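Readers should treat all values here as calculations from the given coordinates under stated rules, not as data from a laboratory. This one's a predicted model, so the numbers in the text were calculated from it and none came from an experiment. For neighbour counting, all protein chains shown are included, and Cβ atoms are generated from backbone atoms with ideal geometry for every residue, glycine included.
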Amino acid sequence: MNQQRVLGSIALCSVLLTVAGCGPAQPRFDLVIRNGTVVDGSGSPGFTADIGVTGDRIVVIGDIDEEEGVREIDAAGLVVAPGFIDSHCHSDYTLLVDGTAQSKIRQGVTTEINGEQTSAGPIKGKAHLDLSRYEIEADWSTLGEYFARLEEQGTSVNVGTYVGATLIRTCVLGDEETREPTAEETAEMQALVDEAMRDGALGLSSALTIPPDTYVSTDQLVAMASVVAKHGGIYATHTRSGGGVIAGLSEAIEIGERAGVPVEFVHLNNVDRKMWGKVSLIHKTIEDGQARGVTVTASRYPYIAGQNNIRALLPPWALEGNNDEVMARLRDPAARKRIERDIRDGIDGWFNHYVLMGTWENVRIAVVQTEKNKPYEGKSLAEIAQSTNRSPIDTICDLLLDEGGSIPAVYFMMSEGDVRETLQLPWVSIGSDGSAVRPDGILGRGKPHPRWYGAFPLVLGKYVREEGVLTLREAVRKMTSMNAEKVGITDRGLLKEGMKADITIFDPRTVKDEATFENPHQYPTGIPYVIVNGRVVIDQGEHSGAKPGEVIRGPGYRPANEGT
């Protein structure tokens, strides 16, 4: 028998043995992660184990024999954790521009919760949505239709969302923002909330800091949140500021108590200088609410600066009406003098950012749309005013006129000691308050807050490794299972057999944020692998292009064909 016939016979025998079940065994798992330190998200100590993944699920955690995975990752010396869940995001539209979610997935974030204040839907009645700055069109009217578009385009991260109270109100009242709705209009708002919850919203959100948001009354919020309670959702809020931080917290807890819903403070920040070093008073207000039986939790980002629009610097009366009316006031010299006087002297019940910050140096322009003002990105209002020989008030008004009435800005308003103390609270988790962007294209504009790129690795690098403010296992819990539990996600947030295979693998010795306020568009380091629904998205530090993300719908979700 010649060599060719022998080889042919061997190949035929191999095929027959395989068909008979006696040939080479097929790998048991699609993916095996070996030798890593598993920090499972529960708060328990880490342990060494292998993890076997089949499809989109974790199948085995333990010892796995060699060569049992189609793909294998050696995680020796690395931490294997659940994919991070970012509980407070603003990626509603940036994910439609670029579904790869570069700035978030590279932080280890596998799930984003969006929808603060306005949300992506519903867009009905008197509401309209201009997304021209993102170069996309809002071709949906319900939250369900928005979800369908996300699914059609694909995302690298999972996405959930609240329904925004301000948007619901706008659908019904339009520009009549200062008045209370009638009983019929309130019922219409409740019906829109009900529809959004059935579409899969996780709850109701609000941000009550500047008009028109400030016109949403406590009673209106209770009416909307009561609908959310029937669907098992939560109330997430950026609290009202005018009466002081304690009053804003107390109102939110009252809403939760009256409506029968859990309350989440989307960022527990102490931005009132008079309260610096006194955050225990803020925490006690929340713990008193917990003691009364209200489920109250919070998140925060690990920075002393936040981001808001420079519109927030203007007194409430200057922001009344539609945008054309606001712009007309900014052109009026008499109105500018009144704005300057009110900022200097204050108005009862108004959250005066300037007084709280003490200097215009603490406001930096983040992103502008016009080429004329590009040189001002990253500059403080004090610097811009001085370089252009204008007063700070004229600078604010002129910039807003140039930019159509809206300019994101970074505000330095908090103390490092308060940040550390708040991060350690057992009921405070991590949320970035950032958007999924990338350094190039329309999403790479300006100098936004570095939290968009670095919030989660900053916690792991600075507050865990360098300063020991948090233990590693507690930090991971605050990034994973705590956030899942708040919004009712039951199949993510833990490394456990049967759970979805959302997994972040990082080096605890080197993980680090690289984004700064001066140069924010920089990806973090020390996170070589991120896995979403069983597929490797970040592979040896590079984005694979995969978009395995899913829409995460809330407990009230009812498919359209299911009826009531």
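A few comments on the model shown:
- Between segment 171-246 and segment 249-283, the C-alpha centres lie 17 angstrom from each other.
- Remark: relative contact order (segment 303-374) = 27 percent; criterion is Cα-Cα distance under 8 angstrom and separation of 6 or more residues.
- Phi angles across segment 389-401 convert, under the Karplus curve 6.51 cos²θ - 1.76 cosθ + 1.60 with θ = phi - 60°, into 3J(HN,Hα) values of 6, 10, 6, x, 5, 4, 4, 4, 5, 5, 5, 5, 5 Hz, Gly and Pro given as x.
- Cβ-Cβ FRET estimate between E361 and S44, R0 fixed at 56 Å, reported to 0.05: 0.80
- What separates the Cα centres of segment 382-450 and segment 472-538 is a distance of 25 Å.
- Model label zone, R28; criterion: amide N under 17 Å from point 7 Å along Cα-to-beta-carbon; scope segment 73-116: 73
- Note, ³J(HN,Hα) from phi for segment 417-423, Karplus 6.51, -1.76, 1.60, rounded to Hz, x at Gly and Pro: x, 5, 4, 4, 4, 5, 4
- Short-range pairs are left out: with C-alpha atoms under 8 Å and at least six residues apart, the relative contact order of the chain is 21 percent.
- Cross-link pairs beyond the 32 Å C-alpha cut-off, checked among K278/K500; K274/K374; K274/K462; K278/K496; K512/K547; K124/K486: K278/K500; K274/K374; K278/K496
- Linear extension gain, I304 paired with E320, 0.36 nm per residue minus alpha-carbon span: 2.8 nm
- Cut-off under 5 Å, modelled amide H: who pairs with D50 long-range: N35, G62, D63, I64
- The fraction of all Cα pairs in the chain landing in successive 20 Å bins from 0 to the largest distance is 21, 53, 21, 4, 1, 0, given as whole percents.
- Applying a DSSP loop filter and a limit of 15 other Cβ atoms within 10 Å to the trypsin sites (Lys or Arg not before Pro) in segment 279-365 leaves R292.
- In this structure, the amide hydrogen of T480, modeled 1.01 Å from its nitrogen in the peptide plane, lies closer than 5 angstrom to those of I85, counting only residues at least 5 positions away or on a different chain.
- Scanning residues 5 or more positions from S429 or on other chains, those with amide H under 5 Å from its amide H are A298, S299, R300, with H placed 1.01 Å from N in the peptide plane.
- Converting phi to 3J(HN,Hα) with the Karplus coefficients 6.51, -1.76 and 1.60 and the offset θ = phi - 60°, segment 477-483 yields 4, 5, 9, 10, 5, 4, 6 Hz in sequence order, with x at every glycine or proline.
- Taking the longest Cα principal axis of the chain as reference, the axis of helix 245-259 is set at about 60 degrees.
- Label-to-label distance, nm, for residues given as A312 and K547 (7 Å Cα→Cβ offset): 3.2
- For segment 170-301, relative contact order (Cα pairs under 8 Å, six or more residues apart, normalised by length) works out to 20 percent.
- FRET E, pair A183, N519, Förster distance 51 Å, beta-carbon r, rounded to 0.05: 0.45
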